[in-house]
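I have placed the structure first, in the form of structure tokens, so that the comments after it can refer back to it.
The values are calculated or read from the model by the stated rules, or taken from the named source; none is laboratory data. No experiment lies behind these values; they were computed from the predicted model shown. Here the Cβ is made from the backbone with ideal geometry for all residues, glycine too, and neighbour counts use every protein chain on show. Calculation scope for accessible area: heavy atoms of the full protein, side chains included, ligands and nucleic acids excluded. Shrake-Rupley method; radii C 1.70, N 1.55, O 1.52, S 1.80 Å.
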Amino acid sequence: MLDLFTIFSKGGIVLWCFQSTNQVFTSSVNALIRNVILQERSGVHNYDHEGLTLQYKLDNEFDLVFVVAYQKILQLSYVDKFLNDVHLEFRDKYKNDLSDGRYFQEFDFVDSFNATLQSAEQWAKAQAKAPKPMRTFDQSNKSKKTVASMIERKGEEKKPNKKKEVNFIEEPKVEPPSSPKANNVFEEDIIAANRAKFAQKMNKKKSETKKSPKSSTAEKAAEKAGKKPRIWDLGGTNKDLETLERTTDKPEDIKSHFTPDTEIVGQMKGVIKDLEVESSSEDDYDEDEVEVQQTNEKPSSKGGMFSIFKGLVGSKNLTASDMQPALDKMKDHLITKNVAADISLKLCESVAQKLEGRILGTFESVASTVKSTLTESLVQILSPKRRVDILRDCMEAQRLGRPYVMTFCGVNGVGKSTNLAKICFWLIENNMRVLIAACDTFRAGAVEQLRTHMRHLNALHPPDRHDGRQMVQLYEKGYGKDAAGIAMEAIKYAYDSKFDVVLIDTAGRMQDNEPLMRALTKLIKVNEPDLVLFVGEALVGNEAVDQLVKFNQALADYSSSSSPHIIDGIVLTKFDTIDDKVGAAISMTYITGQPIVFVGTGQTYTDLKALNAKAVVHSLMK
């Protein structure tokens with residue numbers, strides 16, 4: 001039933017291996033190590049690769065990895081139990097050798113392995129034959145709900161998520177009777193009294209409104225005077241309205257009204273600067289300072305995130321029960337920082353699996369160990385898994401005589417066109433000619449928005465500064481046309497006109513809209529861009545997970561290709577609006593495994609940054 005079982009150290013030394021077929025499983029195990037273990041996704045229990053399902057278990061005391069592989073079509077219920085049993089059997093048998101680091105020897109583990117496997121299979125058969133007992137009424141949640149438990153009484157603490165109810169009379173300070181009939185009578189008396197009190201209050205309000213003739217005369221006088229228009233400080237005059245852009249104006253007339261801010265020219269040459277995140281939380285205390293202040297006192301609620309776990313110290317093997325208080329606190333903290341709830345849970349599971357069995361030093365606390373491990377995991381998640389150098393890729397495409405193509409996609413209103421213009425400005429600053437393809441043929445004003453950006457960018461970088469070359473052009477065919485066809489024509493035009501980069505702007509679409517997702521898949525499949533960037537907001541939490549999962553799934557499902565082109569990177573917008581709640585960056589990167597290429601932080605063309613993983617994690621952990 002099992003195709004592979006192997007035991008190897010974290011340094012890559014294979015201690016023991018069982019294989020039931022002649023198939024080579026090296027690529028599958030390497031994919032598990034590369035995509036799960038090294039990317040700090042230890043919370044992922046099952047990993048599928050080339051028709052195989054792989055499960056693993058970590059031994060953090062001896063730095064071992066136990067991996068089992070079987071066919072994906074099989075449903076083996078005993079694998080988890082089998083992994084645990086083999087883990088304990090191997091540890092008990094070779095504990096002394098593992099403690100001394102004697103890995104280069106022959107481990108005679110065949111008999112123990114076969115016995116453990118046979119025992120696990122028999123256990124699974126017995127579990128399948130035994131009928132599952134039904135829960136009794138006392139074990140259900142319904143049995144815990146009574147009429148008395150649903151009645152609020154004066155002096156009792158209210159639940160935090162319960163809506164406030166208006167009580168017009170004070171309830172009597174008597175304990176509710178135990179019989180259901182008495183409870184019903186008690187409830188009816190309260191309802192009748194509340195209705196009477198409410199009717200009495202409504203009658204008083206009506207009488208008060210009749211006795212105020214002065215207010216009515218004042219309102220009539222205000223109506224006779226008429227409503228005066230509000231004057232805004234920066235509203236301008238009627239003459240200013242005449243200078244506003246009209247669709248009937250000529251482009252030459254519009255150019256004269258724009259005075260470019262030439263001070264920003266030259267600031268974006270070379271690689272984009274890293275983003276620096278500063279936390280503005282008032283509760284950012286150093287844990288050591290909090291511990292000193294709270295000596296011989298009760299623990300304060302304003303202390304650091306892990307200050308209440310300072311007492312958990314000792315030189316022993318970490319267990320799940322030891323880490324559970326710190327992990328619960330960690331999960332709540334991540335959720336408050338805008339990390340998606342399920343991602344927070346997976347991160348905590350990953351940390352628990354990574355630390356379980358590890359030996360703590362005498363002066364190491366559980367809280368500090370958990371915090372440092374989480375910090376390392378988050379930095380690893382945010383760090384790019386591959387080289388991301390768009391300028392170098394653009395120069396390579398330029399050497400090959402073709403344009404470098406980037407496609408921007410995302411939901412409505414996240415800032416695709418605005419951040420496309422920022423990236424365009426950065427490329428122009430590095431002497432790249434850019435063609436913008438207006439493939440948003442649905443939203444009213446989308447083409448005019450890109451045309452305005454084109455005029456501003458050309459005003460900042462006029463042709464006389466670039467040997468008479470116009471650095472930005474817009475390729476558009478109006479509204480209601482096929483976006484994939486416009487993109488194809490734009491790429492061909494860029495190839496003939498020797499443009500260096502093509503930026504394709506697409507219409508915003510919700511992740512559940514199947515026709516629009518099929519259209520996006522068609523655009524990407526037909527034109528084969530070099531880079532597909534998903535534009536997402538830093539404001540979202542759980543929604544970011546749903547957006548990315550469904551965008552990636554749609555690009556894979558609706559493409560007829562065997563290797564569909566999915567999202568290659570992320571553009572995180574509106575980063576300056578979230579303060580230190582930077583959890584959306586963690587959620588997006590964790591889901592796709594793709595890097596955050598650009599971060600939008602403001603309104604000017606220079607407000608484009610690269611993500612600094614350490615700075616973001618430092619702000620997140622405060």
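See the values below:
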quantity	calculated
Count of the stretch 71-85 residues which are out of contact with any helix residue (DSSP H, G or I) (no Cβ under 6 Å at 6 or more places or on another chain), open to solvent by less than 50 Å² (accessible area, probe 1.4 Å) and under 16 Å from residue 113 (Cα atoms)	2
Within the stretch 443-498, tally of residues that are buried (at least 17 other Cβ atoms within 10 Å of the Cβ), under 35 Å from the mean Cα position of the chain (by Cα) and in a loop (DSSP other than H, G, I, E, B)	1
Enumeration of residues in the stretch 571-597 that are touching a strand residue (DSSP E or B) at 6+ places or on another chain (Cβ under 8 Å), β-branched (Val, Ile, Thr) and farther than 12 Å from residue 339 by Cα	571, 573, 592, 596, 597
Output for the stretch 372-402, where each listed residue is among the hydroxyl-bearing types (Ser, Thr, Tyr) and under 30 Å from residue 425 (Cβ atoms)	383
Qualifying residue in the stretch 15-37 (condition: among the hydroxyl-bearing types (Ser, Thr, Tyr), in contact (Cβ under 8 Å) with a residue 12 or more places away in the chain and part of a loop (DSSP other than H, G, I, E, B))	yes
Residue check, residue 526 in contact (Cβ under 8 Å) with a residue 24 or more places away in the chain, over 27 Å from residue 445 (Cα atoms) and within 32 Å of the chain's Cα centre (by Cα)	no
Residue check, residue 431 in a loop (DSSP other than H, G, I, E, B), free of Cβ contacts under 8 Å to residues at least 60 places away in the same chain, open to solvent by 30 Å² or more (accessible area, probe 1.4 Å) and out of contact with any Pro (no Cβ under 8 Å at 6 or more places or on another chain)	yes
Residue in the stretch 324-331 that is within 30 Å of residue 39 (Cβ to Cβ), at pLDDT below 90 and buried (at least 19 other Cβ atoms within 10 Å of the Cβ) present	no
Selection status of residue 65, open to solvent by less than 20 Å² (accessible area, probe 1.4 Å) and either in a helix (DSSP H, G or I) or touching a residue at least 60 places away in the same chain (Cβ under 8 Å) (or both)	no
Residue match in the stretch 509-521 (condition: in contact with a strand residue (DSSP E or B) (Cβ under 6 Å, 6 or more places away or on another chain) and assigned to a loop (DSSP other than H, G, I, E, B))	no
Residue 380, sole failed condition from (1) open to solvent by less than 10 Å² (accessible area, probe 1.4 Å); (2) out of contact with any strand residue (DSSP E or B) (no Cβ under 6 Å at 6 or more places or on another chain); (3) not hydrophobic (A, V, I, L, M, F, W, C)	(1)
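Each row is one residue, and each column tells you yes or no for (1) hydroxyl-bearing (Ser, Thr, Tyr); (2) at pLDDT below 85; (3) assigned to a helix (DSSP H, G or I).
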| site | (1), (2), (3) |
| --- | --- |
| 295 | yes, yes, no |
| 298 | no, yes, no |
| 333 | no, no, yes |
| 343 | no, no, yes |
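Condition check ((1) outside any helix (DSSP H, G or I); (2) surrounded by 12 or more Cβ atoms within 10 Å (Cβ to Cβ)) across all residues:
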residue: 91; (1), (2): no, yes
residue: 97; (1), (2): no, yes
residue: 104; (1), (2): yes, no
residue: 113; (1), (2): no, yes
residue: 119; (1), (2): no, yes
residue: 122; (1), (2): no, no
residue: 126; (1), (2): no, no
